[in-house]
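**Q** Below are the structure tokens for one structure; questions will follow.
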Amino acid sequence: MFSRLFGKKERAGPPSTGGRRVYAIGDIHGRHDLLEALVREIGRDVVETPPLAQPLLIFLGDYVDRGPGSAQAVDMILRLQGESGFEIRALKGNHEEALLRFLDEPSFGSTWAEHGGSATLASYGVQPPATRTDPTAWAEAAAAFAAVLPGAHLDFYRSLDLMAEVGDYAFVHAGVRPGVPLAHQEERDLLWIRGEFLQATGPFGKVIVHGHTPMEEPQVTPHRLGLDTGAYATGVLTAVRLDDEGQRFIQARVNRAAA
Ligand SMILES: [Mn+2]
């Protein structure tokens, strides 16, 4: 009779966060306006349903590029690290990788600009080169960028994590390579992978919470949650609230026309 009670443990109900309340936020891409609205929504949620312990706020990367407020979005995250009641974890996206590469290798600027890097420079008050392929102009832009980039921002970009694990969940920017244990995943896959991960059904070792590939709606399968709703283009920034009760999406949105 006891074997029925204490027999093989099946996971009943939703995946566990080990008792923590977790909020994870998808790709911001310079939309500090949406980040501000979303953090307000999350703050409201915490007040309405207070967690037992300090909640965890996890950012999935791609803070910069495309939208107009890259520097402002990073300022906001740094402020949250100092002042809020949240424990903050910030992950690295492929766009932060590009920003760091540009600082080391100014000629990479022409490639970075094709992926929205000029908007990041402008958000720091640096005029992007008029011609994308002029190496001298990019060297000057990189020097100007290095001169104005606050030390706290450089430290932030350099100290971003590749993965965060909480209970049954693992948080990454892009995804994981199927068939490879989480502990052996490579940075390139964590920051860049798309098709091989998105087409795989899983399991992946843990439930993967990720951004990187924009979709109209948040993606939910038993083995992954995709939070990138293309905030830059759509005006919709998505977070998910996770705890041992379940999963709930929280979104901030503005009219497309106002974006
Ligand atoms: Mn990305």
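The values are calculated or read from the model by the stated rules, or taken from the named source; none is laboratory data. What you see is a predicted model; the values in this text were computed from it and never measured. Every residue, glycine as well, gets a Cβ built from its backbone with ideal geometry; the counts of neighbours run over all protein chains shown. These area figures cover heavy atoms from the full protein model, side chains too; ligands, DNA and RNA do not enter into them. Shrake-Rupley method; radii C 1.70, N 1.55, O 1.52, S 1.80 Å.
**Q** Would you kindly identify the helices (runs of 4 or more DSSP H) lying entirely within segment 137-227 that contain at least 1 residues that are in contact (Cβ under 8 Å) with a residue 12 or more places away in the chain, among the aromatic types (F, W, Y) and open to solvent by less than 30 Å² (accessible area, probe 1.4 Å)? Talk me through it step by step, then tell me what you get.
**A** On the way: elements: 151-158, 187-192, 195-198.
Hits in segment 137-227: 151-158, 195-198.
**Q** Identify the residue in segment 118-137 that is among the hydroxyl-bearing types (S, T, Y) and more than 17 Å from L99 (Cβ to Cβ) and, among all such residues, is farthest from the chain's Cα centre (by Cα).
**A** Filtering segment 118-137 for residues among the hydroxyl-bearing types (S, T, Y) gives 118, 120, 123-124, 131, 133, 136.
Checking which are more than 17 Å from L99 (Cβ to Cβ) leaves us with 131, 133, 136.
Details: T131: 31, T133: 30, T136: 33 Å.
If we take residues in segment 118-137 being among the hydroxyl-bearing types (S, T, Y) and more than 17 Å from L99 (Cβ to Cβ), then T136 is farthest from the chain's Cα centre (by Cα).
**Q** List the pairs whose first member sits in segment 12-31 and is among the β-branched types (V, I, T), whose second member is more than 14 Å from the ligand (Cβ to nearest atom) and part of a strand (DSSP E or B), and whose Cβ atoms are under 6 Å apart, counting only residues at least 6 apart or on separate chains?
**A** T17/V166; T17/L242; T17/D243; V22/L56; V22/V166; V22/L242; I25/A239
**Q** Here's a follow-up. For T238, all conditions in the list (1) within 14 Å of the ligand (Cβ to nearest atom); (2) closer than 23 Å to S70 by Cα hold save one; what is the number of the exception?
**A** (1)
**Q** Could you check Y232 against (1) within 16 Å of the ligand (Cβ to nearest atom); (2) over 21 Å from R40 (Cα atoms) and say which number it fails?
**A** (2)
A quick yes/no check of all residues on (1) of a type outside the set (D, E, K, R); (2) outside any loop (DSSP other than H, G, I, E, B); (3) buried (at least 16 other Cβ atoms within 10 Å of the Cβ):
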position: P50; (1), (2), (3): yes, no, no
position: A71; (1), (2), (3): yes, yes, yes
position: G85; (1), (2), (3): yes, no, no
position: E96; (1), (2), (3): no, yes, yes
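**Q** Okay, moving on. Going through V46, V22 one at a time, which residue ends up being open to solvent by less than 10 Å² (accessible area, probe 1.4 Å) and either more than 16 Å from the ligand (Cβ to nearest atom) or under 18 Å from the mean Cα position of the chain (by Cα) (or both)?
**A** Exactly one of V46, V22 is open to solvent by less than 10 Å² (accessible area, probe 1.4 Å) and either more than 16 Å from the ligand (Cβ to nearest atom) or under 18 Å from the mean Cα position of the chain (by Cα) (or both), namely V22.
**Q** Between residues in segment 79-93 that are among the charged types (D, E, K, R) and residues that are more than 16 Å from the ligand (Cβ to nearest atom) and assigned to a loop (DSSP other than H, G, I, E, B), which pairs lie under 8 Å by C-beta distance while being six or more apart or on different chains?
**A** That search, which allows pairs on different chains as well, returns E87/Q54; E87/P55.
**Q** Those residues that are under 16 Å from F156 (Cα atoms), without any contact (Cβ under 8 Å) to a residue 40 or more places away in the chain and buried (at least 18 other Cβ atoms within 10 Å of the Cβ), I need them from segment 98-110; list them, please.
**A** Passing the criteria: only A98.
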